[in-house]
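Each reported figure results from applying straightforward, stated rules to the coordinates on display, with no laboratory input. Just so it is clear, the model here is predicted, and its values are computed rather than measured. Note that we place each Cβ from the backbone using ideal geometry, even for glycine, and neighbour counts take in every protein chain shown.
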Amino acid sequence: MSLAITADESPAPVALRKPRKRSWLPLAFIGPATALVIAVSIYPVFDAILLSLHATRYAQKLHFVGLDNYIALLKDPSIWDDALSAVIYTVGSLALVIPYALAIALLLNRPMRFRGVVRTLAILPWVFSQTVTALLWGWLLNPEFGPINYASQELIGVPAALLASPTGAMAALVGVNVWSSYPMAALLFLAALQTIPSDLYEAMRMDGAGKIALFRYITVPMITPTLVVILIQLTLLYFNMVTLIYVLTGGGPVGSTQTLALRVLKMSFENWDLGRGAALGLVLTFINLALSLFYVRALRAPQR
């Protein structure tokens with residue numbers, strides 16, 4: 001037995017492809033827009049840094065003061081009061097909106113008649129802007145002619161002048177914020193609930209598990225990643241919220257509902273102290289960056 005090797009069976013030489021020339025046409029199209037976005041994003045940051053290091057009169061930089069604006073903020077006791085108000089507002093809203101939104105999502109996930117209509121009505125508060133929401137509830141809670149105050153006085157003989165007291169104003173503000181923002185959390189919870197396989201529930205029911213056990217050992221672990229996303233998103237939203245607070249209470253009474261974000265607005269555009277306003281704004285920026293870093297690490301933790 002012999003082996004015959006012919007030239008025809010040898011592999012054909014592979015032709016080398018010429019390197020393609022890089023086309024600059026895509027860069028020509030996206031370049032101007034990218035440059036514009038970078039310009040309007042980066043320039044305000046550098047300008048805010050410069051403003052925070054100067055004494056200012058309106059938008060004019062007078063002279064360099066270094067870190068004096070930051071030191072003045074640290075020595076101002078009202079800043080710490082505003083920080084406490086921001087924490088109370090944020091934590092109070094989160095403590096109420098999470099269980100409320102989850103309860104709404106569990107209800108909407110059940111089979112029912114007119115489920116589409118019910119879901120639409122459930123997310124209706126999300127349609128209104130913060131300004132419209134604040135004006136609406138400001139009228140309802142008005143201590144002089146508001147319907148809620150009138151009904152309270154007629155039914156129990158005590159006026160519900162919530163916006164007239166520091167504690168009542170904060171409670172009303174938290175309640176309005178929960179009413180306005182719960183639909184977003186409820187929709188995210190609902191989407192997470194609909195991804196849970198029904199086989200898991202059926203298997204545990206066959207083992208004799210009740211509703212509480214199903215919720216504890218299946219529902220909660222499966223929606224935990226979504227819960228983390230909701231917590232961090234709402235934390236950033238509440239901590240930096242300005243419009244709802246400004247329109248509904250204006251930070252009052254006696255500064256009881258004034259947060260750090262609202263303080264930046266008033267300091268910069270009512271008192272025209274742009275130097276200290278920029279300094280406080282940068283402090284808030286670093287706080288937000290820290291929260292965002294925690295957000296990223298919390299999202300990656302379940303994957304490790």
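Laid out as a table, the results:
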read-out: Cβ charges +1 (Lys, Arg) and -1 (Asp, Glu), total dipole of the chain, debye; value: 860
read-out: Relative contact order (%) - the stretch 138-214, alpha-carbon pairs under 8 angstrom, separation at least six; value: 14
read-out: For the stretch 106-118, 3J(HN,Hα) per residue [Karplus equation, 6.51 cos²θ - 1.76 cosθ + 1.60, θ = phi - 60°, Hz, x = Gly/Pro]; value: 4, 5, 6, 7, 7, x, 7, 6, 6, 4, x, 5, 5
read-out: Centre separation in Å (Cα based) which lies between the stretch 254-299 and the stretch 42-98; value: 5
read-out: Under the Karplus curve 6.51 cos²θ - 1.76 cosθ + 1.60, θ = phi - 60°, whole-Hz ³J(HN,Hα) for the stretch 287-292, x wherever Gly or Pro sits; value: 5, 5, 5, 5, 5, 5
read-out: Kirkwood-based Rg to Rh ratio, the stretch 68-194, C-alpha trace; value: 1.09
read-out: Computed over the chain: relative contact order in percent, which uses C-alpha pairs under 8 Å that are six or more apart; value: 26
read-out: Tyr100 versus His63: modelled label distance in nm, points set 7 Å from Cα along the beta carbon direction; value: 5.2
read-out: Chain lengthening between Phe128 and Tyr217 when straightened (0.36 nm per residue, less Cα-Cα); value: 28.4 nm
read-out: Cα-based Rg of the stretch 81-303 normalised by 2.2 N^0.38 Å, two decimals; value: 1.19
